[in-house]
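Beneath this line is the structure, given in structure tokens, with notes to follow.
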Amino acid sequence: MVSINVEVVPRNNFELVRLTEYRHWISAFLHDNCISITLHDIGDLPEDLELIEKLSEQIRHLTMLRLLDLTDCSKLSYIPPKVMSSLTKLEALYMGNTSVQWQVERSNIERSNVSIDELKHLQYLTILEIQIPDGKMSKGLLSPQLERYKIFIGSYEWQWNFHSKTSRMLKLKLDTNEGGIISQLKEIRELELLEVSGVRNVLYDLDRNGFSELKHLSVKDNSHLLCIVDSKHSVSCDALPSLESLILLHLNGLENICNGPLGAQFFRRLRSIKVQSCNKLNNIFSFTTDKVLPHLQEIRVSYCNYMEEIFAIGGQDEANNSELVHETIKFSQLCIRKLDTLPRLKSFYCKVKTTSPLRLTSDTNAREIISEEELDIPPSLFNEKVSFPNLENLEIYNINVEKIWHNQFPTMSCVQNLTRLIVNVCGNLKELFSSSMVNSFVQLQYLQICKCPRLEKMVVITEKLKEGEKRDKFSFRQLNHLIIMDLEKLRRLCYGNYIEFPSLKEMRIESCPQLKEFIFDDKVGFPSLEEMKISLMTNLKMIWHNQVAEVSFCKLKSLEVKYCQKLLTVLPSNMFGSLLSLESLHVSECASVEEIFDLQGIKLFEERESIAATQSRELCNTYDPQIMICFANLQKLKVSECQSIENLFSENLKVAMEEANARLVFPKLTFLELDELPKLRTSYPGRHTVEGPVLKELKLQRCGIYDPDEEGQIQQPHFLETLDVYEIHVEKIWYNLRPIISSSVENLTKLVVYDCGNLKELFSSSMVVTKGLRKKERRNTMSFPKLNYLEMKYLAKLTKLCLGYYIEFPSLKEFTIHECPESKAFIFDDKVRYCQKLFSVLPSNMFGRFSSLESLYVTDCGSLEEIFDLQGINYEERHSIAATQSRDPQIMLSFANLQNFEVSYCQSLKNLFSVSMVAKEEPPARFLFPKLSTLKLHELPDLCVLNPSRHTVVGPVLKRLELRHCGEESQMQQPLFLVEEAFPCLEELNLAGKNAMIMWQSQVSECFFHKLKILEVANDESTVLPLSIIQRFPNLEMLSLEESSYEEIFLYKDVQGTPAKMKKLVLYILKDLKYIWKQDSRLDLILQNLEVLRVGSCDSLINLLPPSASFQNLTILEVVSCSSLKYMGTSSTAKSLVQLIKMSISYCEKMTEVVGNQGDLMEDKIIFSNLKKELEVFKSPDIKIFSRGDLTTQILREVKIDEKSVELYHYADLNKAIQQFHGKANDKFP
């Protein structure tokens, strides 16, 4: 017994226990008035209390405990029987986000865990937070003193830690009725009912007093529910008087929300309504008065296939309702409204004349709708009889109406506060705005119109003008974002009148095929537009008409034009003065565009002089008459995949510019990319250059430029930092026509030259620097002071970097050369090195010159025999190097900063280091790579060893090692190295071919792989992979086996040991594999922690998930192209997949059912409680049914079959969905 300082322990005999706060001394108990502690009585608790799995029985002695908080102990599953009932003084109990398996008290049956009935003994409870997965709730279970509670019963898919709206919450998911739990709770304020059977009328069946305090009600997934309120039954006249939000989801039997007359106090405080997939509902509410829902702020209705109106006004006869036809129904607080996929919706509001009293049967459609036509009102979604003075957000999707607003709609009282309007997929919509209402949208900021195939105009003129009368201009004053997409018949934004968008900043126009001649003319104004995207305009020839509004586009900063196949030019001459603010221009996949800048309409000696005068003075504070500044603020220009472009500037400009001796200057251009322009020859067809003095990044890819000396090229920028040249057929990159200085490359940091078939010389002799050197010291030297990345690949004719000159790369960190077959020599301080005929990469005299080298890649060097040729270093030199680099005389520190080292496809390579580099009589050397993190050796058939002779290669921080097909033609019969000495921190190991078999046969102890987490094996010719091999890697988390000869894996032969930590298993192209694991396998050693299983192209596999296995932690299961597999697993195995969130089955031709029947059909349900949206069945046509047993997918809303989404609320269950999709609903199964 050990005493505790009373100041440390809460007063009143340990009245407070918060496991998540008192971590270091919570293992204690106190008896009555005795203050004492015994650590071993309760047992040691883990440092991370989220990992606690059970409570000690000794907690029962805390008889005076008042508060117990076990929140977020997510692993807690066991509380000994009668422990909870012993804590009779508890006032507050928090058990949210735990996994306790509550049991039900049964006579003569001994329990193994805590019982729900133990809560009866906690009569002082005022606060309770608890999760109960299932169970029958008996009367008197809960304390009558409860004031605050958060109770979840029946499902763990609810997110516990979300913010609760109230202090009294109940969520129920039960297959039977609610068991009286509601009657035991005082004044529920937040209630969610999910799949609660036996409830047909919420108020009548659950609380006939009307839920007087209920503020939030949610009812989901109940096909038996007929109504929420039935005023004809005996319920409180003030039913749901406090209700603020109502959510109704997937209630296919719901016929009415309120059956019968809606009482004056019903729903009087309702603020939000959300209704989805309630296919028998004709409307939300039917009123007998125009004083309706005064506090309603939000309404969202979607996927209700038979809804004809949202609200209806109606009564028993015409006499009682004739006056209502002429009244305006006002929703004074409504600000958000969304209507989605209501195919029969005719109007938001209409009058309904009922011919007989409404009653709660399937016959509730005996009524007559007085439509707008009968009242001489043209069809529209909103008519003049409804008002929304505070509406801010309106979204309409897939509604089949011709008009949204009636022509006499009271606009100023309805849309003056509307800020956001979205209209999508309205197939019958013919007009969006009428001219009489367009100026009423004074607050509209966001407008999106998409996929309305019959819409021809945004604004339709409805008023006729008298002779001599002028129409006012239309204006969307506050609109700042406009999206127009997929409008097949749209021809103009507006006809016959000027329309202005004074605040518009972003606009996107896409897929409007009838917009052919132009988009913008002098009838539309965009004075504030900053960003514009135009795409998929297949018939568009011009973006701008010859005449545009004077103030339009003056602030445009970004223009993107894509997939406009008939567009001829992007920027015509008449837009030259309007786009002075343009900063970014991107043109892509416009097949007919011939030039980007069509400036031929400018008269050089008149208009150019005027333009140059204003622009050059702004930039240079001087006037230069030779400058024609096209776009003074343009910073980024990208042109790609335009097959017809020959020049960036128009052909007609050539003669005029030569006569005027003009210059084209882009003074702020920093990025230029020209990609896939096969006909491009020059910037423009003349003898002058296009200047980009501050250009930093230049990319030329797959363009038709053949001669850099041709006229019209871009002048060499002096600030260039990145240059990428891909598939350009030039003989040299830098040309010799003009004298240039080293400033053109002094800032270059990255140079990539790729697949330039005609390139013979990388650098020009004109780049040689002699400035600053004395005459005697002067020699031909070429320097790239900041270049840190150099890559040359597939240069078939390249013979040299630069003939006869020295080249300096003082900052080079990464250098790659690949497939340069004609390269004879590269100059690095008089040392000749080769590519295809290269014998050595790094000779001894280069030892100190690459001290900053971080990455080294060597590939496709057929004659290479060694990488590090260090044989020229004798013992004295090595000792001197070691003295400067390390205090250990045995260390020869080769490359202190090397981090990534890859060698591949070098058929003659035998050693990484010279065999004779150290004489036998000298002490052994250690080659230390202190920062090496990745080493990859691929396809080196003659490689013998990494460690030469008696010497050692050490990589103390190496994390990933790849050995693929190395030494397969040599006589090597042992590992290439000793892992335990060389790479103690190895985490990822990739083996292929003979390297895998040698590793299996070696006697390396498992302690040498104690940090290995990922093992990838390919092309292993072994037929069996024993479990004992996997156990060599005690911390392995992922195993991938690919393209190997295994017939069986995880073979069990008297293997003992602890369970593997493996979380992910990937099997791919194992053609001979029949079993992953057999019945006698020690599956508990493999599967306990498995979370992801992916299997592909295992054609012989006949058994995937054996009946004896439990996959309790599996979250992802994917199977592809397993042609012999008939089912995924059996019923007993499927029952263990409680954590599964994703299942995918593809190209399994013989699979007929996902869960097979092998005589183990369970009486209990198979419950996939976490399977949400990720269930896919693709190209597996013989799957006729998912499971023959009782199956529940609690939260799965849809299944994807052959890339088509099938929503499950249309079907009784998952089996029916699969059957009906394949047309096999009537099939009988053996």
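Residues checked against (1) modelled with pLDDT under 85; (2) assigned to a loop (DSSP other than H, G, I, E, B); (3) buried (at least 22 other Cβ atoms within 10 Å of the Cβ):
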residue	(1), (2), (3)
ILE1029	yes, no, no
LEU1036	no, yes, no
TYR1046	no, yes, yes
VAL1055	yes, yes, no
THR1058	yes, yes, no
LEU1067	no, no, yes
LYS1078	yes, yes, no
VAL1095	no, no, yes
CYS1098	no, yes, yes
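Looking at the range 1202-1210, is at least one residue modelled with pLDDT of 80 or more and either part of a strand (DSSP E or B) or open to solvent by less than 10 Å² (accessible area, probe 1.4 Å) (or both)?
Looking for residues that are modelled with pLDDT of 80 or more and either part of a strand (DSSP E or B) or open to solvent by less than 10 Å² (accessible area, probe 1.4 Å) (or both), one finds none in the range 1202-1210, hence no.
For the range 930-966, name all the residues that are modelled with pLDDT under 90 and small (Gly, Ala, Ser).
SER949, GLY955
For ILE1141, all conditions in the list (1) open to solvent by less than 40 Å² (accessible area, probe 1.4 Å); (2) of a type in the set (A, V, I, L, M, F, W, C); (3) closer than 21 Å to LYS1061 by Cα; (4) modelled with pLDDT of 80 or more hold save one; what is the number of the exception?
(1)
Name every residue in the range 548-586 that is among the charged types (D, E, K, R), more than 34 Å from the chain's Cα centre (by Cα) and more than 17 Å from LEU515 (Cβ to Cβ), in order of residue number.
Of everything in the range 548-586, just one residue is among the charged types (D, E, K, R), more than 34 Å from the chain's Cα centre (by Cα) and more than 17 Å from LEU515 (Cβ to Cβ), namely GLU550.
Tell me which of these PHE649 doesn't satisfy, since it passes every other one: (1) closer than 20 Å to LEU568 by Cα; (2) at pLDDT below 90; (3) under 40 Å from the mean Cα position of the chain (by Cα).
(3)
Conditions first: (1) at pLDDT 85 or above; (2) in a loop (DSSP other than H, G, I, E, B); (3) closer than 24 Å to ASN417 by Cβ. ASN252 passes all but one, so which condition is the exception?
(3)
For the range 348-360, check the following and say yes or no: at least one residue is within 15 Å of THR328 (Cα to Cα) and at pLDDT 85 or above.
Checked the range 348-360: at least one residue is within 15 Å of THR328 (Cα to Cα) and at pLDDT 85 or above.
Scan the range 544-569 residue by residue and report those that are modelled with pLDDT of 90 or more and of a type in the set (Val, Ile, Thr).
Within the range 544-569, VAL561 is the sole residue that qualifies.
Take the range 579-592 and flag every residue that is of a type in the set (A, V, I, L, M, F, W, C) and at pLDDT 90 or above.
Result: LEU582, LEU585, VAL587, CYS590, ALA591.
Hey, could you check the range 1133-1148 for residues that are assigned to a loop (DSSP other than H, G, I, E, B) and β-branched (Val, Ile, Thr) and say which is nearest to SER1180 (Cα to Cα)?
Ranking the qualifying residues of the range 1133-1148, first place goes to ILE1141.
What single numbered condition from (1) closer than 19 Å to VAL438 by Cβ; (2) crowded, with 19+ Cβ neighbours inside 10 Å fails to hold for PRO527?
Going through (1) closer than 19 Å to VAL438 by Cβ; (2) crowded, with 19+ Cβ neighbours inside 10 Å one by one, PRO527 breaks only (2).
A quick yes/no check of all residues on (1) open to solvent by 30 Å² or more (accessible area, probe 1.4 Å); (2) touching an Asp or Glu at 6+ places or on another chain (Cβ under 8 Å); (3) modelled with pLDDT of 75 or more:
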site	(1), (2), (3)
GLU374	yes, no, no
ILE377	no, yes, no
ASN383	no, yes, yes
LEU391	no, no, yes
ASN398	yes, yes, yes
GLN408	yes, yes, no
SER413	yes, no, no
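Out of the residues in the range 967-1020 meeting the condition of being among the charged types (D, E, K, R) and in contact with a helix residue (DSSP H, G or I) (Cβ under 6 Å, 6 or more places away or on another chain), tell me which one is modelled with the lowest pLDDT.
Of everything passing the filter in the range 967-1020, GLU980 is modelled with the lowest pLDDT.
Does LEU493 fit the bill of being open to solvent by less than 20 Å² (accessible area, probe 1.4 Å), under 36 Å from the mean Cα position of the chain (by Cα) and modelled with pLDDT under 90?
Yes; evaluated as a whole, the condition is true for this residue.
With the structure loaded, tell me whether GLU192 is assigned to a loop (DSSP other than H, G, I, E, B) and within 18 Å of PRO241 (Cα to Cα) or whether it fails that test.
no
The values are calculated or read from the model by the stated rules, or taken from the named source; none is laboratory data. Since the model is a prediction, treat every value here as computed from it, not as a measurement. Heads up, the Cβs are rebuilt from the backbone with ideal geometry, glycines too, and the neighbour counts pull from every protein chain shown. Areas reflect the complete protein model, heavy atoms only, side chains present, ligands, DNA and RNA absent. Shrake-Rupley method; radii C 1.70, N 1.55, O 1.52, S 1.80 Å.
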